[in-house]
Amino acid sequence: MFEFLTNLFKKQKSHAPRKVTPDAVRKYAKVTFITPARQKGEKRVTFSARQIHQGLELNSSYPLVCGAIDAHAFEEFARVKLVKRDGAKNGVSAGWEFKVLP
């Protein structure tokens, strides 16, 4: 009976979508992909919208992800230069290759 009561009053997980900003997407990409590549001395790094979308546990937010990474602000923030952009403009197949600047 005690277990029933404790389960009854447990905080329920909210299924409402989280508000994620373009700056949060850029920060996630920098911390997850760019910084480790820079620390390893890698000259280039590639990642996809799918990886960011899954990593941030987003729901149907590919335009947000693509817009945040495509913006010139990302290159300045992460100190990278876009080498190649593949895939859909705002979709799951979007991918980027960046040159890691010192």
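Every number in this text was worked out from the coordinates using simple rules, so none of it is lab data. No experiment lies behind these values; they were computed from the predicted model shown. All Cβ positions, glycine included, derive from the backbone under ideal geometry; neighbour counts span all protein chains shown.
Here is the list for the range 38-102: GluC sites (Glu not before Pro) lying in DSSP coil, each with at most 10 other C-beta atoms within 10 angstrom of its C-beta, are Glu57. Its Cα centre serving as origin, the range 46-102 has a Cβ charge dipole (Lys and Arg +1, Asp and Glu -1) of approximately 160 debye. In a DSSP loop and with at most 16 other Cβ atoms within 10 Å, the trypsin sites (Lys or Arg not before Pro) in the range 25-102 are Lys40, Lys43, Arg79, Lys89. Applied to the range 54-63, the Karplus parametrisation 6.51 cos²θ - 1.76 cosθ + 1.60 on θ = phi - 60° returns per-residue 3J(HN,Hα) values of 5, x, 8, 6, 8, 10, 6, 10, 4, x Hz, with x for Gly and Pro.
Cross-link check: pairs Lys19/Lys40; Lys40/Lys89; Lys19/Lys84; Lys27/Lys99 evaluated at a Cα-Cα cut-off of 24 Å; pairs beyond the cut-off: Lys19/Lys40; Lys40/Lys89; Lys19/Lys84.
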